[in-house]
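S.K.: Please read through the structure below; I'll follow up with questions.
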Amino acid sequence: MCSSLAIACVAAFFVPHARAAPRASVVTAPAGDFPTVAEALELAFPGCSVERRRVFLDEAQKAAVAKLSGTACEASLVFPYVATRDGELVGTAYFDTHRVRTLRETLMIVVDPEGRVRRVEMLAFGEPREYIPRASWYAQFLGRALDDELGLKGKIRGVSGATLTARATVDAARRTLALHAVLGRVPEPEPEPEPEPEPPSDSRPPETGPPKAGP
């Protein structure tokens with residue numbers, strides 16, 4: 001999911017607790033050094049138990065995500081990462097890989113228990129690094145719900161010189177929140193298929209004797 005790219009910075013934005021006021025921070029790293037999925041999850045959910053789930057989307061669910069988000073949903077298989085602490089839900093992380101201009105980026109978007117954006121973490125960015133917006137721009141997403149304000153025509157400001165990055169990030173955030181809503185807040189894992197019963201060792205019908213005579 002993540003690729004080795006020669007980019008010198010990774011942007012990470014988070015709310016430490018679901019009810020805390022949004023804050024933003026920037027994590028710098030050497031060129032090409034991006035967090036792995038495991039590292040990104042540790043940054044988002046320190047001290048939490050994280051369960052990776054696998055969910056198949058049918059056509060009706062994909063259409064519902066597209067309608068809610070206003071952007072296409074092409075994935076038929078998604079892997080929500082559900083984090084809990086002491087039995088309480090902390091958040092759910094989704095990884096969204098999409099095209100910016102001609103190259104792709106991967107974002108981890110964390111949704112809090114109220115269905116709002118808790119964190120946006122960049123794992124890969126294939127375009128030139130000057131198209132990465134500032135940390136203050138990404139901070140706009142924190143605490144946002146899936147409504148008309150989550151958009152470049154709403155409360156999210158555009159970025160001069162990085163319009164395509166801004167648009168791709170908004171689409172990813174809306175798609176993730178819509179997916180989370182369609183899956184029912186806390187996505188249920190796909191049930192394991194029940195094993196087929198083994199045939200009896202002797203498939204011959206039981207032997208029966210002649211009927212007993214009546215009294």
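S.K.: Report the local net charge at L150: Lys and Arg +1, Asp and Glu -1, summed over other residues whose C-beta lies under 12 Å from its C-beta. Don't skip to the end; give the middle numbers.
M.R.: Numbers: positive: R116, R144, K153, K155, R174, R175; negative: D147, D148, E149, D171.
Within the 12 Å Cβ shell, the charges total +2.
S.K.: Under a Cβ-Cβ cut-off of 15 Å, what is the net charge of the residues other than A40 that fall near it, where Lys and Arg count +1 and Asp and Glu count -1? Mind dumping the intermediate values first?
M.R.: Working: positive: R52, R118, R119; negative: D33, E39, E42, D96, E105, E121.
It works out to a net charge of -3.
S.K.: Using only the heavy atoms of the protein chains and a 1.4 Å probe, how would V90, V182 rank by accessible area, largest first? Could the numbers behind the result be given before it?
M.R.: Working: V90 15, V182 40 Å².
Sorted by accessible area, descending: V182, V90.
S.K.: Sort 55-64, 102-111, 39-48 by packing, meaning the average of other beta carbons within 10 Å per residue, with the highest value first.
M.R.: Packing order, densest peptide first, comes out as 102-111, 39-48, 55-64.
S.K.: Starting from the Cα gyration tensor of the stretch 38-142, take the square roots of the eigenvalues, sort them a ≥ b ≥ c, and report rounded, prolate or oblate (rounded when a/c is under 1.5, otherwise prolate if a/b is larger than b/c, else oblate).
M.R.: oblate
S.K.: Under the rule a/c < 1.5 gives rounded, and otherwise a/b versus b/c splits prolate from oblate, where does the stretch 37-89 land using the Cα gyration tensor?
M.R.: Details: a/c = 2.56, a/b = 2.38, b/c = 1.07.
Here the stretch 37-89 falls in the prolate category.
S.K.: Separate question: With the cut-off at 1.5 for a/c, could you classify the stretch 82-155 from its C-alpha gyration tensor as rounded, prolate or oblate? Present the calculation step by step, with values, prior to reporting the outcome.
M.R.: On the way: a/c = 2.35, a/b = 1.48, b/c = 1.59.
Oblate shape, in that a/c is at least 1.5 and b/c is the bigger or equal ratio.
S.K.: Residue by residue through the stretch 139-147, which ³J(HN,Hα) values in whole Hz follow from phi under the Karplus form 6.51 cos²θ - 1.76 cosθ + 1.60 (θ = phi - 60°), with glycine and proline marked x?
M.R.: Coupling constants for the stretch 139-147: 4, 4, 7, 5, x, 7, 9, 7, 8 Hz.
S.K.: Still on this structure, I have one more. Around E127, under 13 Å between beta carbons, what's the net of Lys plus Arg minus Asp minus Glu among the other residues? All intermediate terms of the calculation are to be shown ahead of the outcome.
M.R.: Details: positive: R99, R101, R104, R129, R167; negative: E105, E130.
Summing Lys/Arg as +1 and Asp/Glu as -1 gives +3.
S.K.: While we're here: Can you list residues whose amide H is under 5 Å from A124's amide H, if they're 5+ apart or on another chain and H is modeled 1.01 Å from N?
M.R.: T106
The values are calculated or read from the model by the stated rules, or taken from the named source; none is laboratory data. From a predicted model like this one, the values you see are computed outputs, not experimental measurements. Neighbour counts are summed over all protein chains in view; Cβ atoms, including those assigned to glycine, are modelled from backbone coordinates with ideal geometry. Note: areas computed on protein heavy atoms with side chains; ligands, DNA, RNA excluded. Shrake-Rupley method; radii C 1.70, N 1.55, O 1.52, S 1.80 Å.
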